[in-house]
There are 2 protein chains.
Amino acid sequence: MSDTQTLIAANRERFLEELKAFLSIPSISTLSERTADVQRAAEWTADQLRAAGMTRVQIMPTAKHPVVYAEWLGAPEKPTVLIYGHYDVQPAELEAGWQSDPFTPEVRDGNLYARGASDDKGQVYANIKAVQLLMQRDGKLPVNLKFLIEGEEEIGSPNLDAFIAAHKELLRADVVVVSDTAIQSLTQPSIVYGLRGLVYLELEVRGPRQDLHSGGFGGTVHNPAQALCEIIAALRHPDGSVAVEGFYDKVRPLSAEERAAIAKTDISEDEWRKLTGAPKAWGEAGYSLRERVGARPTLEINGIWGGFTGEGSKTVLPAKATAKISCRLVPDQEPHEIEALIRAQIEKLAPPTITWELRPLNHGYPALVPLDSLAMECAVSAYERGFGARPLFLREGGSIPVVATFMQTYGAPVLLVGYGLPDDGAHGPNEKFALECLYRGIHTAAALLEALGKHAPEALRAR
Amino acid sequence: MSDTQTLIAANRERFLEELKAFLSIPSISTLSERTADVQRAAEWTADQLRAAGMTRVQIMPTAKHPVVYAEWLGAPEKPTVLIYGHYDVQPAELEAGWQSDPFTPEVRDGNLYARGASDDKGQVYANIKAVQLLMQRDGKLPVNLKFLIEGEEEIGSPNLDAFIAAHKELLRADVVVVSDTAIQSLTQPSIVYGLRGLVYLELEVRGPRQDLHSGGFGGTVHNPAQALCEIIAALRHPDGSVAVEGFYDKVRPLSAEERAAIAKTDISEDEWRKLTGAPKAWGEAGYSLRERVGARPTLEINGIWGGFTGEGSKTVLPAKATAKISCRLVPDQEPHEIEALIRAQIEKLAPPTITWELRPLNHGYPALVPLDSLAMECAVSAYERGFGARPLFLREGGSIPVVATFMQTYGAPVLLVGYGLPDDGAHGPNEKFALECLYRGIHTAAALLEALGKHAPEALRAR
């Protein structure tokens with residue numbers, strides 16, 4: 001065992017209890033009634049960063065939820081690393097199928113179950129503990145370090161780009177580390193190099209002034225729930241592709257090399273069925289499952305509601321119906337342009353018997369990180385130390401819009417060094433984080449800082 | 001003023017206060033948490049029937065909500081009349097657009113606003129008060145009278161047919177009177193002679209085992225909300241007709257005479273737009289608005305839900321999505337057969353990428369009441385006395401399944417003598433009952449019993 005591993009082993013109990021405390025704060029950024037909890041999670045994060053030995057720890061306001069900033073700049077000749085993560089979480093309702101309360105963390109079979117366990121509190125916590133261990137062991141860090149832990153990732157980071165623009169010098173770094181992704185398995189780590197962008201919209205279809213008696217008016221009023229279904233159904237071609245004119249125009253075609261690389265990580269339909277529980281795979285014809293998730297754009301209905309949704313029967317003709325619709329985007333799709341294309345398509349589809357409104361909720365850019373950098377080599381070696389295997393490279397289906405922002409703002413390499421697993425259930429019920437991922441994650445995070453500290457800043461910045 | 005009118009005028013205040021008490025009981029039959037309130041409304045109804053002078057007043061249990069039965073059989077040579085109504089109401093949520101609490105009755109501009117004001121508590125109450133006035137004035141009634149006031153009409157009367165079959169002799173009558181419909185206007189009464197049947201279904205579409213991250217799995221799982229929309233959209237042809245194979249097979253075609261009669265009561269698209277607030281009329285090509293509502297079957301989405309329906313954005317791929325779907329049926333459509341046709345259609349439409357379940361919630365038969373009976377003449381004369389004008393005859397869009405049951409069980413004429421108005425907002429927010437309808441309704445109900453009492457039982461039973 002390395003000295004880092006010894007330190008981790010000695011502190012397992014404490015790490016688990018501390019992380020449980022973090023996870024018991026319902027910092028759901030999308031729900032306004034959780035604003036105080038979001039603030040509480042920011043304060044908890046700041047306290048932990050102070051305890052780890054970081055200086056100038058600050059909770060900095062934005063238009064909505066605050067950013068936690070921390071720095072330690074005690075290594076003048078060394079590179080500066082910025083670690084990004086988020087302390088906010090997705091909503092979670094016990095009734096959605098949770099086996100234990102989403103905000104009362106519980107360990108079962110070596111996994112810690114709670115909303116945010118994997119996405120992203122567990123991963124943020126692993127990074128903070130890595131810093132604390134290095135500091136305790138050496139009294140200093142191998143690099144200059146900054147933390148930017150935000151509270152709005154799960155609502156699309158609406159204020160983060162402006163925050164980074166306003167604090168460009170404060171946040172400047174030679175390398176950015178993001179821990180908010182999953183590896184293939186405990187024995188096969190992987191590094192995400194492609195992330196999708198996002199545009200999230202809400203479509204409301206309105207018919208009559210108010211809910212009507214379906215017997216008195218049905219058959220003469222275009223039912224808004226029916227009309228919404230008709231519009232949604234028409235947004236997709238029978239072959240599974242998105243039926244929005246121009247949607248694929250800016251999608252970079254996959255090269256033969258990329259397809260070959262993705263094929264190495266592909267999943268069989270059988271494995272996929274076990275993972276999801278769905279009866280049969282589905283999707284855009286002509287693309288493998290991994291290509292559909294990582295390299296192709298999608299359009300999904302995230303929620304739909306209208307009319308009577310209670311127990312039993314109410315013979316009502318609803319006044320309106322609404323759907324939440326989001327698209328995952330790939331390079332070089334532009335989220336605002338995709339919103340405009342969808343708006344134009346609905347304009348064409350919507351009949352004169354209803355009115356409608358399309359409300360944009362958020363926008364994020366896709367990103368592709370170059371693989372051939374010295375910084376990426378450090379990430380590879382860190383995984384080799386933490387997980388004992390050489391990582392694969394993956395394009396992922398998720399979105400972390402700030403990655404594109406960091407690349408554009410600093411031209412710095414961004415390393416997506418994640419510690420989650422594919423079946424962690426992020427955003428769904430029974431989200432979990434394997435305790436083994438936590439401990440190996442701390443080890444890997446420490447190893448990464450040590451590896452980066454061996455190089456000169458300008459060497460790391462160069463591609 | 002007739003003596004009945006004088007008595008009504010003298011009791012206006014009391015009538016209003018009593019009806020307000022009835023309306024303040026949230027007897028929502030579809031919600032299990034309202035069971036005690038439903039029971040309370042039954043007891044209130046029974047007390048009122050006792051106060052009106054009815055004998056053998058009983059609250060009789062069914063498998064779910066009880067039936068209130070009452071009788072007065074003190075006129076051996078006279079015909080026996082059964083008055084049917086219901087004391088249960090539809091759900092009502094203040095947030096659906098109510099200007100005042102749905103269970104805190106409030107008078108505004110001569111209208112009493114509350115859930116159930118028109119459908120059907122106000123109309124039941126008018127009948128009870130008519131009996132009370134006759135009893136106070138004459139010490140007896142002009143006919144033998146029975147009341148059957150049920151508590152499950154708004155959930156499709158699931159136990160009523162069995163109750164009637166089990167108490168066939170107890171309920172036997174020469175004429176059945178139902179007050180649960182609307183007239184054209186205060187100056188133009190009307191009698192409904194056609195009612196639609198109903199089949200109410202719940203369609204659940206399931207995909208993955210649990211909600212998934214839309215970035216991690218979107219594009220490879222057939223989104224159940226999307227699939228539900230695709231199925232619903234395919235249940236309708238572009239011309240507005242229902243795309244369920246065999247759906248129209250048993251629909252009786254409209255005769256030229258019927259179309260001419262319906263044309264007299266038709267509504268212009270302009271009036272219709274004012275009434276509904278919808279931007280444009282809609283419906284089955286080749287049929288007028290009134291024909292679509294009264295004489296043609298429909299298929300409506302009463303509710304739809306799935307995935308994240310809260311504030312803001314949650315990038316989830318829902319595990320399931322559900323819709324409440326109901327059809328209004330016309331003679332000679334059979335509700336169980338229509339359910340089977342819809343099931344067969346969904347079987348054809350549903351792709352192998354999802355699973356689904358179609359749950360029947362209730363079934364009701366359509367009915368057409370013959371116009372050429374002595375009993376119907378009595379109803380016409382009663383409206384002439386109560387509202388001062390000769391009523392028109394209408395086919396209505398709503399459903400009162402028990403009408404078909406009464407016709408089949410007793411072969412007795414069923415009179416749909418209603419006192420609501422078309423804009424009462426039954427089932428929607430701000431349901432109201434015009435106080436003038438209440439007072440004229442009491443007058444009409446009393447006049448109807450007097451008119452029926454002038455005939456021999458066998459003369460009324462004959463068509």
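Just the residues that are surrounded by 15 or more Cβ atoms within 10 Å (Cβ to Cβ) and not aliphatic (A, V, I, L, M), please, taken from the stretch A:44-61. Across the stretch A:44-61, the qualifying residues are A:44, A:45, A:48, A:53.
When the criteria are applied in full, residue A:203 meets the requirement of being in contact with a Phe, Trp or Tyr (Cβ under 9 Å, 6 or more places away or on another chain), farther than 30 Å from residue B:329 by Cβ and assigned by TED's automatic domain parsing to the domain that holds residue A:244.
Within the stretch B:392-417, the set of residues being more than 16 Å from residue A:216 (Cα to Cα) and β-branched (Val, Ile, Thr) comprises B:402, B:403, B:405, B:409, B:414, B:417.
Only one of these is buried (at least 24 other Cβ atoms within 10 Å of the Cβ), within 30 Å of residue B:281 (Cα to Cα) and not small (Gly, Ala, Ser): A:354, A:400, A:346. Name it.
On the way: A:400 fails: within 30 Å of residue B:281 (Cα to Cα); A:346 fails: buried (at least 24 other Cβ atoms within 10 Å of the Cβ).
So the residue among A:354, A:400, A:346 that is buried (at least 24 other Cβ atoms within 10 Å of the Cβ), within 30 Å of residue B:281 (Cα to Cα) and not small (Gly, Ala, Ser) is A:354.
Looking across the stretch A:413-463 at every residue that is more than 22 Å from residue A:110 (Cβ to Cβ) and assigned to a strand (DSSP E or B), the one that is nearest to the other protein chains (Cβ to nearest Cβ) is identified as A:416.
Name the single residue that is modelled with the highest pLDDT among those in the stretch A:1-25 being in a loop (DSSP other than H, G, I, E, B) and farther than 22 Å from residue A:87 by Cα. Looking at residues that are in a loop (DSSP other than H, G, I, E, B) and farther than 22 Å from residue A:87 by Cα, I get A:11. Within the bounds of the stretch B:202-209, is there any residue that is under 25 Å from residue B:370 (Cα atoms) and either in a loop (DSSP other than H, G, I, E, B) or under 20 Å from the mean Cα position of the chain (by Cα) (or both)? No.
Scanning for something modelled with pLDDT of 95 or more, in contact with a Cys (Cβ under 9 Å, 6 or more places away or on another chain) and within 8 Å of another protein chain (Cβ to nearest Cβ), does the stretch B:324-335 turn up at least one residue? No; the residues of the stretch B:324-335 include none that is modelled with pLDDT of 95 or more, in contact with a Cys (Cβ under 9 Å, 6 or more places away or on another chain) and within 8 Å of another protein chain (Cβ to nearest Cβ). Apart from one condition, residue A:86 fits all of (1) within 14 Å of another protein chain (Cβ to nearest Cβ); (2) touching a Lys or Arg at 6+ places or on another chain (Cβ under 7 Å); (3) surrounded by 24 or more Cβ atoms within 10 Å (Cβ to Cβ); the exception is (2).
Set side by side, the residues A:131, A:89 differ, and just one is closer than 23 Å to residue A:155 by Cα and in contact with a helix residue (DSSP H, G or I) (Cβ under 8 Å, 6 or more places away or on another chain), which is A:89.
Selection of first residues in the stretch B:60-83 that are in the same structural domain as residue B:37 (by TED's automatic domain parsing) and closer than 21 Å to residue B:412 by Cβ and of second residues that are of a type in the set (S, T, N, Q) and surrounded by 22 or more Cβ atoms within 10 Å (Cβ to Cβ), restricted to Cβ pairs under 7 Å at least 6 apart or on distinct chains, gives the following pairs, ordered by first then second residue: B:68/B:45; B:83/B:127. Of the residues making up the stretch A:171-180, none is among the hydroxyl-bearing types (Ser, Thr, Tyr) and either within 14 Å of chain B (Cβ to nearest Cβ) or at positive phi (or both). Taking the stretch A:155-204 as the range and being of a type in the set (Lys, Arg) and modelled with pLDDT of 95 or more as the test, the residues that pass are A:168, A:172.
For the stretch A:232-255, does any single residue satisfy the condition of being surrounded by 24 or more Cβ atoms within 10 Å (Cβ to Cβ), touching a residue at least 40 places away in the same chain (Cβ under 8 Å) and not in a loop (DSSP other than H, G, I, E, B)? Steps first, answer last, please.
As a first pass, look at the stretch A:232-255 and keep what is surrounded by 24 or more Cβ atoms within 10 Å (Cβ to Cβ): A:232.
Now narrow it down to the ones that are touching a residue at least 40 places away in the same chain (Cβ under 8 Å): A:232.
Pick out the ones that are also not in a loop (DSSP other than H, G, I, E, B) and you get A:232.
Scanning the stretch A:232-255, I find at least one residue that is surrounded by 24 or more Cβ atoms within 10 Å (Cβ to Cβ), touching a residue at least 40 places away in the same chain (Cβ under 8 Å) and not in a loop (DSSP other than H, G, I, E, B), so the answer is yes.
When we screen B:357, B:347 for residues that are away from chain A (no Cβ under 14 Å), acidic (Asp, Glu) and either touching a His at 6+ places or on another chain (Cβ under 7 Å) or not in a loop (DSSP other than H, G, I, E, B) (or both), the only hit is B:347. Only a single criterion out of (1) among the aliphatic types (A, V, I, L, M); (2) in the same structural domain as residue A:422 (by TED's automatic domain parsing); (3) more than 30 Å from residue A:457 (Cα to Cα); (4) buried (at least 23 other Cβ atoms within 10 Å of the Cβ) is not satisfied by residue A:186, namely (4). Only residues that are among the acidic types (Asp, Glu), more than 8 Å from every other protein chain (Cβ to nearest Cβ) and in a loop (DSSP other than H, G, I, E, B) were counted across the stretch B:266-308, and they come to 1.
Of the residues that make up the stretch B:149-167, is at least one within 14 Å of chain A (Cβ to nearest Cβ) and either at positive phi or more than 19 Å from the chain's Cα centre (by Cα) (or both)? Yes: the stretch B:149-167 contains one or more residues that are within 14 Å of chain A (Cβ to nearest Cβ) and either at positive phi or more than 19 Å from the chain's Cα centre (by Cα) (or both). Scanning the stretch B:229-246 turns up one or more residues that are farther than 20 Å from residue A:93 by Cβ and touching a Gly at 6+ places or on another chain (Cβ under 7 Å). Among the residues of the stretch B:292-312, those identified as crowded, with 24+ Cβ neighbours inside 10 Å and of a type in the set (S, T, N, Q) are B:298, B:302.
Could you check, for the stretch B:424-439, whether at least one of its residues is buried (at least 22 other Cβ atoms within 10 Å of the Cβ), touching a residue at least 24 places away in the same chain (Cβ under 8 Å) and over 19 Å from the mean Cα position of the chain (by Cα)? No, the stretch B:424-439 contains no residue that is buried (at least 22 other Cβ atoms within 10 Å of the Cβ), touching a residue at least 24 places away in the same chain (Cβ under 8 Å) and over 19 Å from the mean Cα position of the chain (by Cα).
Residues are listed down the side, and each one gets a yes or a no for (1) buried (at least 20 other Cβ atoms within 10 Å of the Cβ); (2) more than 30 Å from residue B:232 (Cβ to Cβ):
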site: B:147; (1), (2): yes, yes
site: B:153; (1), (2): yes, no
site: B:164; (1), (2): yes, yes
site: B:172; (1), (2): no, yes
site: B:177; (1), (2): yes, yes
site: B:194; (1), (2): yes, no
site: B:200; (1), (2): yes, no
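Listed by first and then second residue, the pairs linking a residue in the stretch B:29-48 that is modelled with pLDDT under 95 to a residue that is surrounded by fewer than 17 Cβ atoms within 10 Å (Cβ to Cβ), with Cβ atoms under 8 Å apart and 6 or more places separating them unless they lie on different chains, are B:30/A:310; B:30/A:311; B:31/A:310; B:31/A:311; B:32/A:311. Cβ-Cβ distances below 8 Å connect the following pairs, each with a first residue in the stretch A:146-161 that is more than 22 Å from residue A:175 (Cα to Cα), a second residue that is part of a strand (DSSP E or B) and of a type in the set (Gly, Ala, Ser), and a separation of six or more residues or different chains: A:156/A:364.
For the stretch B:63-83, filtered to residues that are closer than 23 Å to residue B:30 by Cα and within 20 Å of the chain's Cα centre (by Cα), the residue that is surrounded by the fewest Cβ atoms within 10 Å (Cβ to Cβ) is B:64. Would you pick out the residues in the stretch A:181-207 that are within 12 Å of another protein chain (Cβ to nearest Cβ) and either closer than 16 Å to residue A:420 by Cα or of a type in the set (Val, Ile, Thr) (or both)? Within the stretch A:181-207, A:181, A:182, A:192, A:195, A:199, A:205 meet the criteria.
A single entry from B:397, B:386 fulfils the requirement of being closer than 15 Å to residue B:196 by Cβ and either modelled with pLDDT under 90 or outside any loop (DSSP other than H, G, I, E, B) (or both): B:397.
The values are calculated or read from the model by the stated rules, or taken from the named source; none is laboratory data. None of these values were measured; they are calculated from a predicted model. We place every Cβ from the backbone using ideal geometry, glycine too, and count neighbours over all the protein chains shown.
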